[in-house]
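Have a look at the structure below, then the notes.
Just so you know, all these numbers are worked out from the coordinates, no wet-lab data involved. Here the structure is a predicted model, which means the values were calculated and not measured. Don't worry about glycine lacking a Cβ; one is built from the backbone with ideal geometry, like all the others, and counts go over all protein chains shown.
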Amino acid sequence: MRKTTRRTAPVRNPLPFDVPPQIDRALKTAADKVGLVRDETRTVAAKVERTVRSAATNARKTGETIAKDPKRFVEGVVRDAKSNLATVKDDLSREASRIADEVARRVTGVVEPAMESALHRLNVPTQKDLKALVSKVDALSRKMDQLHKPVRRTRKTA
């Protein structure tokens, strides 16, 4: 790894004319900012160089591996593709089930009230009506059973 040393700005020769202080400060600020950008650019360039060298090394190693055993490489690619395919299949299946459930829920929400109102218009009792009738009949049945209970007579002993 190379070390970079920071260069100092060359000594400026005084100008043969007077520069207003605001312009002189602006030029110094601009020069400082250009220096910061230069330093940052060098840092980024060094990082990019390391990344490119690493990628090139990895590509070379991968190429050597493929050249040594191409069949193994192809088998690995096929295995990865099958694994990805299985994952996509599971995801699609899950999503299709979710959509089917949602559609069934929406259709049921629309169809059931329409069917109920149509049956009501035709005077056909709904399941809820039938359950209410059954419970009323059961209650009446219990009351009738209580009314017709045989009276227990007790024997008189003399």
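With the cut-off at 1.5 for a/c, could you classify the stretch 62-158 from its C-alpha gyration tensor as rounded, prolate or oblate? Walk me through the intermediate numbers first.
Values: a/c = 12.78, a/b = 2.84, b/c = 4.51.
Note, shape of the stretch 62-158 comes out oblate.
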**OP:** Rank 46, 59, 26 by how far each Cα sits towards the positive end of the charge dipole of the stretch 21-68 (+1 on Lys, Arg Cβ; -1 on Asp, Glu Cβ) and give me just the farthest.
**Re:** 59
Subject >> Reachable lysines, given that their alpha-carbon falls under 21 Å from the alpha-carbon of residue 128 and they are not under 8 places away in the same chain >> reply: 136
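Could you calculate the contour length gain from residue 94 to residue 122, that is, 0.36 nm times the residue separation minus the distance between their Cα atoms, to one decimal place in nm? Please report the intermediate quantities before stating the final value.
Details: separation 28, 0.36 × 28 = 10.08 nm, distance 4.12 nm.
Between residue 94 and residue 122, full extension yields an extra 6.0 nm.
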